[in-house]
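Below you'll find the structure, written out as structure tokens, and then a few comments.
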Amino acid sequence: VRQVGKQYRAEILSLYRRCLQSANRIPDESQRAMYLEYTRSGFRQSRELGEAKRALQDAKEQLERMNYYHSIREQKEREATAAASGNSEDMPPAISPAKDTGSQRPSQ
């Protein structure tokens, strides 16, 4: 983080913490470990390359995808709980996917 401009330091650190917090919400231990390592290595690699603006955008997109995953998982858990208790009428509508802006990079 030191090698990128000071103007991005606070934003990068905040985003890094939010990505780690989101990854820690993943219930499956092996997937959680994979996402934590992916997050750490991604930030480390971007720091070494000094590509702050691109790295920030990539991290924001990844965080949005992780949060979307959490919202879907949590909705399914609520639906399963409601179905088990017989209260499916009280459930909020299913979450619709975020609008695709076409800015996602293809996976490598």
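Over region 3-83, give the accessible area per residue in Å² for a 1.4 Å probe, as an integer. Working shown, then result.
Working: 5270 Å² over 81 residues.
That works out to 65 Å² per residue.
If you roll a 1.4 Å probe over region 3-83 with all protein chains in place, what percent of the accessible area is carbon or sulfur? Walk me through the numbers before you get to the answer.
Numbers: 2650 of 5270 Å².
Solvent-exposed carbon and sulfur of region 3-83 make up 50 percent of the total.
The values are calculated or read from the model by the stated rules, or taken from the named source; none is laboratory data. These numbers were taken from a predicted model, which means no experiment stands behind them. For accessibility, only protein heavy atoms count, side chains too; no ligands or nucleic acids. Shrake-Rupley method; radii C 1.70, N 1.55, O 1.52, S 1.80 Å.
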